[in-house]
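Novice: Below: one structure in structure tokens.
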Amino acid sequence: MQFSLNSSDICNTYTIAIMVGGNYNKPTPAWQDTQVTVCRAVPGSITSNPAANISNNGSAGFLADSSNKTSTVSFAVKYNTSGTNPQGKVQLQVTSNRNSLGSIDGNIHTYEITSNAISSLNVKLAKADYAAKCNVVEIVTNPVTGLSTAVSLDGGATMQLSLDSNLQTLGITVYKNKNIGGMWFSTNWDGKTTIDKTVLNATTNPLGPMHVQ
């Protein structure tokens with residue numbers, strides 16, 4: 001298997017699904033897929049490699065999960081060569097027992113939230129704050145064919161992220177389009193704001209999955 005990066009990219013996350021065909025064909029729900037992140041080292045960037053896993057305990061918003069699932073966060077952001085504009089994206093995949101209306105319906109849902117326009121990136125030592133516009137989609141899998149379709153939920157949402165690569169703590173808040181109002185998701189809500197918490201795979205390697213270079 002080969003992966004390629006555009007010359008302007010420092011990381012990209014690929015979703016890997018294994019399907020067996022022929023007489024052994026079986027639908028594969030999106031929550032069984034695995035994400036793989038491929039990165040190159042670039043000074044002055046923030047990256048996650050591998051993707052950071054975070055518990056949904058304490059999550060809030062319409063997509064909050066109360067079934068002890070986890071969310072996956074991958075990001076690769078750097079400044080351009082002149083050091084004036086941040087470039088890159090953040091991808092958040094949420095596995096939740098709530099539908100897009102915020103109701104528990106007996107099903108497991110997969111949501112993908114991807115930034116598309118960066119508002120700000122502030123880095124100081126090992127800490128970083130990030131804000132951007134983002135798209136919110138639900139990945140719906142056909143139970144017969146096993147094929148997945150992305151259903152758009154919000155094209156004008158906003159994302160706020162904070163992290164500390166020394167402590168390996170992370171917090172993400174996703175607000176709905178201002179014309180709609182409300183919050184799609186918070187990784188750890190205390191009733192007023194999102195509180196950073198340690199990612200689950202912080203100890204899988206000496207440096208942890210999140211890096212500030």
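Novice: Run the count for the stretch 11-212, please: Lys pairs, Cα-Cα under 12 angstrom, 8 or more apart or on different chains. Could the numbers behind the result be given before it?
Specialist: Values: K78/K89; K89/K133; K133/K176; K133/K178.
Close lysine pairs found across the stretch 11-212: 4.
Novice: Could you sort 66-72, 124-130 so that the peptide with the highest average Cβ count within 10 Å comes first and the rest follow in order? Please list the in-between numbers first.
Specialist: Numbers: 66-72: 16.6, 124-130: 15.0.
Final packing ranking: 66-72, 124-130.
Novice: Find out how many positive minus negative residues lie around S66, taking Lys and Arg as positive, Asp and Glu as negative, among other residues whose Cβ is under 15 Å from that of S66. Walk me through the numbers on the way to the answer.
Specialist: On the way: positive: K69, R98; negative: D65, D105.
Taking every Cβ under 15 Å from that of S66, the sum is 0.
Novice: While we're looking at this one, here's another question. Report the local net charge at V137: Lys and Arg +1, Asp and Glu -1, summed over other residues whose C-beta lies under 9 Å from its C-beta. Walk me through the numbers on the way to the answer.
Specialist: Details: positive: none; negative: E112, E138, D154.
Neighbourhood net charge equals -3.
We did not get these values from a lab; they are worked out from the coordinates using the rules stated. These numbers were taken from a predicted model, which means no experiment stands behind them. Backbone-built Cβ (ideal geometry, glycine too); neighbour counts: all protein chains shown.
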